[in-house]
1. Arranged from highest to lowest average of other beta-carbon atoms within 10 Å per residue, in what order do the peptides 63-74, 86-97 appear?
2. Using r as the Cβ-Cβ distance of residue 82 and residue 105, and R0 as 30 Å, what FRET efficiency do you calculate, to the nearest 0.05?
3. Sticking with the crude label model, points 7 Å out along Cα→Cβ, report the distance from residue 159 to residue 37 in nm, one decimal please.
4. When only C-alpha pairs under 8 Å and at least 6 residues apart count, what is the relative contact order of the stretch 68-142, in percent?
5. Find how much the distance from residue 45 to residue 89 grows on full extension, using 0.36 nm per residue of separation minus their present alpha carbon separation; answer in nm with one decimal.
6. Determine the sum of side-chain charges near residue 129: Lys and Arg each +1, Asp and Glu each -1, restricted to other residues whose C-beta is under 14 angstrom from that of residue 129.
7. At 0.36 nm per residue, minus the direct Cα-Cα distance, what do residue 21 and residue 152 gain on full extension? Give it in nm, one decimal, please.
8. Using a cut-off of under 18 Å, list every residue of the stretch 104-118 whose amide N is near the label point 7 Å from the Cα of residue 96 along the Cα-to-beta-carbon line.
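Only the coordinates and a few stated rules stand behind these numbers; no lab work does. Worth saying up front: this structure is predicted, and the values here are computed from it rather than measured. Neighbour counts run over all protein chains shown; Cβ positions are idealised from the backbone, glycine included.
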Amino acid sequence: SSDLNGISIASGERVLYECPDYYTGNAYRSCTNGVLSAIQYDECTMIPPSDLSYSTNEIIVSLYSSFSSGYPTVNSTVTSYSIAPEAPEGVEFDSITGNLLGVPATTNVTVFTITASNTAGSATFELTLRVVGLTCPAMKDIPETPAGESYSYDCTTLEGYKGGDRKSTRLNSSHDQI
């Protein structure tokens, strides 16, 4: 028999403990020949990931602009993250943290399935990355205009003006909008 905090434990008996966070079952110490063992965790089972989510389900980013999805939240321990399909040019996925980030080099819309996994199972989340072309912002009487395109308008529709005008947009060498 052994003594644990004033409680007598007979040889062959066990004292139960909680398993660590995100595990189910019982941890225990057993008494053998009057000696209590270290806490044993062999009856604890990992819980599969659940409730995987990001702060948004769609990221909208301009071409050549830096972005980060941020880290996901998930219930349970995650040993790795994966993504399908592969991230496009200029974008990378961190399989340890689950962060999607980069500077996209092509316009596109991609719906990714991100999976958080551990030895007990996995959870998924659909995250859309919408990469849009660069634009010049709208101004009074002129709509937002994609880079490389022009917008022509009739100045006679504006009070006090005559004739026509043309607004063109282009990228400068650092990909800023002008």
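1. Details: 63-74: 16.0, 86-97: 14.5.
Descending mean neighbour count gives 63-74, 86-97.
2. Details: r = 23 Å, r/R0 = 0.75.
After rounding, the FRET efficiency stands at 0.85.
3. About 8.9 nm, to one decimal.
4. Values: 120 pairs, mean separation 20.9, N = 75.
With pairs under 8 Å counted, the relative contact order is 28 percent.
5. Gain on stretching residue 45 to residue 89: 11.9 nm.
6. Details: positive: 130; negative: 58, 86, 89, 92, 126.
Every neighbour counted, the sum reads -4.
7. Details: separation 131, 0.36 × 131 = 47.16 nm, distance 6.31 nm.
Taking 0.36 nm per residue and subtracting the Cα distance, the gain is 40.8 nm.
8. Under 18 Å, as judged by backbone N against the label point of residue 96, lie 116-118 of the stretch 104-118.
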